[in-house]
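A short write-up of the structure that comes next.
The values are calculated or read from the model by the stated rules, or taken from the named source; none is laboratory data. Remember, it's a predicted structure, so these values are computed and weren't measured experimentally. Cβ coordinates were reconstructed from backbone atoms using ideal geometry, including for glycine residues, and neighbour counts include every protein chain displayed. Surface areas here come from the heavy atoms of the whole protein model, side chains and all, with no ligands, DNA or RNA. Shrake-Rupley method; radii C 1.70, N 1.55, O 1.52, S 1.80 Å.
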Amino acid sequence: MDAKFYKLILLGGAVRFYFVRTPLASLISDRVEFATPLNSQKRMKEGIYLLDQGIDPYSGDLVHETPLVLKALSGLFLNFPQWLPLIYIMLDLLTGALLYNLSVRFVKQKLQKQCLERKNYAKDTEQLQYNDDDNYDIPELVLIAYLFNPLTVLSCIGLTSTVLSNLFLALFLYFLTKGLLLPCIFLLAFETVRSFYPIVLMAPLLLVFARRSFAGGVILSVLFAVACLIIAAASYLVIESWSFLEGTLGFIFYFRDLQPNIGLFWYFFTEMFEHFRTMFLITFQLNATVLYLVPLSLKLRKEPLLLATVLVALMAVFRAYPSLGDVGFYLALLPLWKRCWKYMAHGFVVFTFFLVTLSMMGTLWHLWIYAGSANANFYFGATLAFSTGQIFLITDLLFAHVKREFCLYNGQKIMIDGEEARILLK
């Protein structure tokens with residue numbers, strides 16, 4: 001870690017510390033784009049108070065954080081509430097530092113892999129290969145993309161528990177690149193019990209630790225299930241009740257709160273007839289978890305970190321209660337694939353989608369809720385366009401990776417009948 005790393009960390013902390021002391025912080029904590037029923041600070045505060053009073057936090061339908069997190073943060077919320085912003089800022093800076101370190105390790109692994117495979121590369125592919133400058137450039141880009149992304153900054157100053165989710169995911173990816181099995185399993189199990197959708201990250205974990213061993217894959221799956229049971233049992237000991245399962249995983253799976261957010265669930269389940277609910281519920285949850293898992297795992301079996309990045313991005317798009325903080329996290333991982341950017345063709349389109357839709361969300365929400373001159377269709381149209389922009393980004397990254405891999409071995413210019421051939425995605 002060089003001096004520039006510490007300067008960026010200090011600057012990122014200063015930006016967060018400045019904005020958390022402004023009225024913007026309380027505004028963001030109430031915005032549906034950042035605060036959802038799962039990550040809202042107000043709901044967590046209510047759950048901690050109920051737990052402190054000996055009342056089951058899950059007896060109503062307000063609290064959806066796990067008992068372990070409520071218990072771990074209860075002392076801070078009850079005794080030192082004035083320190084909450086500073087703690088959240090420090091946790092967010094720690095997430096940035098973890099992403100920086102996993103980027104350093106990732107580039108070193110890429111350079112080592114290239115040394116073994118370079119003899120098979122085509123002659124005109126130097127700009128597609130990782131080089132020594134990437135040891136510094138890519139980690140710095142990742143750190144900047146996380147610390148100074150408005151989505152992650154606002155999510156932090158709003159004191160949403162997305163800060164915790166991003167930290168746990170960053171820890172998981174960091175240990176994955178270091179090849180530490182048990183921390184990966186327990187972190188993934190903890191996040192799965194918290195928010196269900198990270199279970200799909202079992203795929204990159206299996207590719208790293210049990211690529212060619214079916215028996216090893218079975219053992220890892222059993223270890224993961226045992227870790228989930230241990231975490232569930234520890235949560236049970238906190239409140240001496242299994243009600244938290246219905247209040248967390250059940251709440252997510254059955255999508256009981258129709259509060260608008262940046263996702264796709266709320267509008268469809270508001271409009272549909274009740275007797276179709278079960279069918280669409282299963283369809284939407286399959287789309288958010290297993291639908292893309294097998295084909296992506298087969299195609300990206302040699303790139304587990306890219307698979308993890310794409311799965312995290314798909315979670316941010318298709319999960320039941322997404323927030324902009326989830327989007328900010330996977331955007332910070334994109335500089336890892338800097339050598340694919342040459343083939344990303346929709347950068348301007350994606351940027352325009354993001355800029356226009358994010359600008360419109362606040363306006364359309366005001367017109368719908370406060371002015372009464374719009375309706376749910378207006379706001380959902382903006383969120384649907386935002387999700388479409390994210391899908392464009394994900395597919396663009398995947399195609400760029402496939403094209404880079406092809407060109408590494410076949411050259412950037414392929415001539416057919418005297419004319420340069422074009423690679424098209426069909």
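Note on Gln112 and Arg31: their simple-model spin labels are 4.2 nm apart, each label 7 Å out from Cα toward Cβ.
Give me the percent of accessible area attributable to carbon and sulfur for the chain, probe 1.4 angstrom. Using a 1.4 Å probe with all protein chains present, the chain comes out at 66 percent carbon and sulfur. Restricting the calculation to Cα atoms, region 215-288 yields a radius of gyration followed by a Dmax of 16.4, 46 Å.
Taking the Cα centroid of region 279-313 and of region 58-108, what is the distance between the two, rounded to the nearest whole Å? So the separation of the two Cα centres works out to 26 Å.
For the chain, the relative contact order comes to 21 percent (Cα pairs under 8 Å, sequence separation of at least 6). For region 274-426, a/c is not less than 1.5, where a ≥ b ≥ c are the root eigenvalues of the C-alpha gyration tensor, and a/b tops b/c. That puts it in the prolate class. Solvent-accessible area per residue in the chain equals 47 Å², computed with a 1.4 angstrom probe and all protein chains kept.
The residues neighbouring Arg301, those whose beta-carbon lies less than 15 Å from its own, together hold a net charge of +3 under the Lys/Arg +1, Asp/Glu -1 convention.
Region 265-294: which chymotrypsin sites (Phe, Trp or Tyr not before Pro) are DSSP loop and have at most 13 other beta-carbon atoms within 10 angstrom?
Values: sites: Phe265, Trp266, Tyr267, Phe268, Phe269, Phe273, Phe276, Phe280, Phe284, Tyr292; in loops: Phe273, Tyr292.
Sparse-neighbourhood loop chymotrypsin sites (Phe, Trp or Tyr not before Pro): Phe273.
Stokes-Einstein diffusion of region 3-412 at 37 °C, 0.692 mPa s viscosity, Kirkwood radius from Cα pairs, rounded to a whole number: 147 µm²/s.
Within region 217-310, the trypsin sites (Lys or Arg not before Pro) that combine a DSSP coil assignment with at most 15 other C-beta atoms in a 10 angstrom radius are Arg256, Arg301, Lys302.
For the chain, what does -39500 (n - 2.57) per DSSP helix run (n ≥ 4), summed and divided by total residues, give at 222 nm, in deg cm²/dmol to the nearest 500? Each step should come with its number before you reach the end.
Values: 19 runs with 278 residues, N = 426.
Calculated at 222 nm, the ellipticity per residue is -21000 deg cm²/dmol.
Site pair Leu11 and Asp133 shows an inter-label distance of 1.9 nm when each label is modelled 7 Å from Cα along Cα→Cβ. The calculated Kirkwood hydrodynamic radius for region 1-112 is 16.4 Å, given to one decimal from all distinct C-alpha pairs. Highest mobility in the GNM of the chain, judged by mean-square fluctuation with C-alpha springs under 10 Å and restricted to Thr162, Thr22, Thr383, is found for Thr22.
Filter the cross-link list Lys302/Lys403; Lys7/Lys108; Lys110/Lys413; Lys110/Lys403; Lys108/Lys302 down to pairs whose alpha-carbon distance in this structure exceeds 19 Å. It would help to have the intermediate numbers written out before the result.
Values: Lys302/Lys403 15 Å; Lys7/Lys108 23 Å; Lys110/Lys413 24 Å; Lys110/Lys403 17 Å; Lys108/Lys302 16 Å.
Those over the limit are Lys7/Lys108; Lys110/Lys413.
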